[in-house]
1. At q = 0.10 Å⁻¹, work out log10 I(q)/I(0) for the range 153-311 with the Debye formula, treating every Cα as an identical point scatterer and leaving solvent out; two decimals please.
2. Please sort by residue number the trypsin sites (Lys or Arg not before Pro) in the range 159-229 whose DSSP state is loop and whose Cβ has at most 15 other Cβ atoms within 10 Å.
3. Over the residues of the range 502-659, compute the C-alpha Rg and express it relative to 2.2 N^0.38 Å.
4. Tell me which of A203, S554, Y398 sits at the most positive position along the dipole axis of the chain, charges placed on C-beta atoms (Lys, Arg +1; Asp, Glu -1).
5. Among the trypsin sites (Lys or Arg not before Pro) in the range 548-625, which ones are in a DSSP loop with at most 14 other Cβ atoms within 10 Å of the Cβ? Mind listing them?
6. Using 7 Å Cα-to-Cβ label points, what is the M1/A480 separation (nm, one decimal)?
7. Using a probe of 1.4 angstrom, how much of the accessible area of the chain is carbon and sulfur, in percent?
8. Calculate the tail of P(r) for the range 100-146: the fraction of all Cα-Cα distances greater than 13 Å, expressed in %.
Amino acid sequence: MKSVDILLTNAHVLTMDQDLRQFFPGAVAITGERIVAVGAVSALRQEYHAQTKVDCGGKILMPGLINAHTHVPMTLLRGLADDLRLDVWLMGYMMPVEREFVSPEFVRLGTYMACAELIRSGVTTFNDMYYFEEDVAKAAAEAGMRAVCGQTVMKFPAPDAEAYEDSLAMARDFIRRWKDHPLIVPSIAPHAPYTCTAEILRATSAIAQEFDVPLHTHLAETSYEVENMRREQGMPVIPYVKKQSLLDAKVIAAHCVHIDSGEMRTLLHAGAGVAHNPSSNLKLASGFAPVTKMLEAGLNVGIGTDGAASNNDLDMFEEVRLAAFVAKAVTSDPTSLPASTALTMATRLGAQALHLGKVTGSLTPGLRADLILIDLSPLHNSPSFRRAADNVYAQIVYAAKAIDVTDVMCNGKWLMRDHELLTLQESELLSEAEGIARKIDSFLIEREGSIVSKLIALGGSMEQESFEVQVKVRIEDKQAVLSALEAPEIERLRYRHYGQHDTYFNFHDAEQGRLRYREDDFLDENGAVINTRRRLTLLGRKREHKFERDVLLSRSRFFAPATQSLRFYREYFRPSDEITITKDRQRWLINFRETEFFVNLDEMSEPPLGRFAEVKSRTWSRRDAEHKAALTRELLDVLGLSRSETVGSDYIDVVDVAR
Ligand SMILES: [Zn+2]
């Protein structure tokens, strides 16, 4: 008789190995952190003498589930912002809140919370990507879980790094120190091709290869991402990242919703694993990943919950069931993705996708003892049929719930016994999490109260104030002004011609001002668009001062390059109404009495309100404004516009009057 530490007996053993072998009644023998033997109870009893014997009471004994893609600290952001589009959700809410709140302490608390939830849903291994990832690693290791921990790198300032070079250095340092940990696999995580530069993708791949660790990233999550990539790089996402040498690393690609069969072959050839996230894809309406095709192509496709802010839970039972259901609905074929395949994705295939196939994912001698017990006797999954081998998989995938998991072991150590967590204190975690939620609530309440702070929260904007002395007049004839611009006292410095499309957002609270999204299409001599500039300006509603002859002093409170789409700003700022103005603009920068002015000749096409001339000059002080207002009146005389009808300073006023 050979001696082992633990012998689990009287279980319905699902090995989830290549042949999907089952033993009932079955047994598993464990010594230290590894599985020694798996088989029929009678055979193992004869062969092994155990220090500890555990009667499993007829429960299911199977490998612990693998959550192939998540952001565990985001448990603390669960329910923070929902029912939004991905860009508004990510750039408008998640990233601003993360920049404000995410710290090593936040990350550890969020990870403990996630580990408690994951263990309760039968997960023993998760693949993570977040900031301060070393603190995720510490907390996961304390909780006794196996995890692939990816330090995020991206082109924006992150909560843990001012610049991506800092993230790269952190990742390298983290990987070097944790590389041989028994539970943690350190990795590097360039967030996504659209949040990273080509240089970042190449640098992260080089680090992953240097240390032979996985590289975790989001790829082809939305059709928007793919369209942008095609427009900017002339190719879809997978060829682009291949070009940046990303696929030379051991890649774990989350999502892959919008990829074609050629891209699947590229991923397969590169040995990349895929993490399918049905809840997240459904909730964010990202589309339907071609899971059946990816599996047919031979890809290792695991199942992930994604972060708790986009799911909103870490329940792998729900995720596995959804993976099967969605695949059936999308292919109009109920035989697609049968229960046994779905459960294999959540175990062996998931481990292979994380490049951990030699460590975990099935009950196979030599692998680590990562396993769970499931009680299939409760009402919601009774009775049990055992006629066919597949009955049990259907029972687990279609009827069982996370609550049916009674016991969890990871790396040979129990993490949960009879529903009781052994490594974590749930009640303490809950009250700490509530405390953080209250702080985030007040932060957002304050921010949502002001357009300026919402603008600032988007990051990457420069706050700037500018004052202008300006006057606008209605004209009949452009030619007269064009001739007047030839006057000797006017020195013309620069000329531009463009099509200008303005969308003004109005808000219920008029004190907030108006937000203008402006697109300038610069035109060449033939009227063809050379390039387009997009800008965002918050305009003060009230005029600062009115000089003689309707010369006004106005104020723009904010000015930023518009990096997002008009649709993004509309959904983020939620204006009470919008006004669109389109015009053809000829603009001269001129020197008049040693002062620079802009002279604009505009033809409004939407709404069709006719022709206008505009004269304006920047100003910064009261005295300067007085002086420039006087010069403006002189310039109007020179341009022959003194008798023209003045119409305020802004087209929005013109439109308001016209309405
Ligand atoms: Zn994700």
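1. Each listed q corresponds, in turn, to -0.35.
2. Working: sites: R172, R176, R177, K179, R202; in loops: K179.
When the trypsin sites (Lys or Arg not before Pro) of the range 159-229 are filtered for loop state and at most 15 Cβ neighbours within 10 Å, K179 remain.
3. Against the compact-globule rule of thumb, the ratio is 1.09.
4. Positive-end residue among those listed: Y398.
5. R593
6. 11.3
7. 49
8. When all Cα pairs of the range 100-146 are counted, 50 percent exceed 13 Å.
The values are calculated or read from the model by the stated rules, or taken from the named source; none is laboratory data. Since the structure is predicted, the reported quantities are computational estimates derived from the model, not experimental observations. We place every Cβ from the backbone using ideal geometry, glycine too, and count neighbours over all the protein chains shown. Accessible surface is based on the protein model in full, side chains and every heavy atom, while ligands, DNA and RNA are left aside. Shrake-Rupley method; radii C 1.70, N 1.55, O 1.52, S 1.80 Å.
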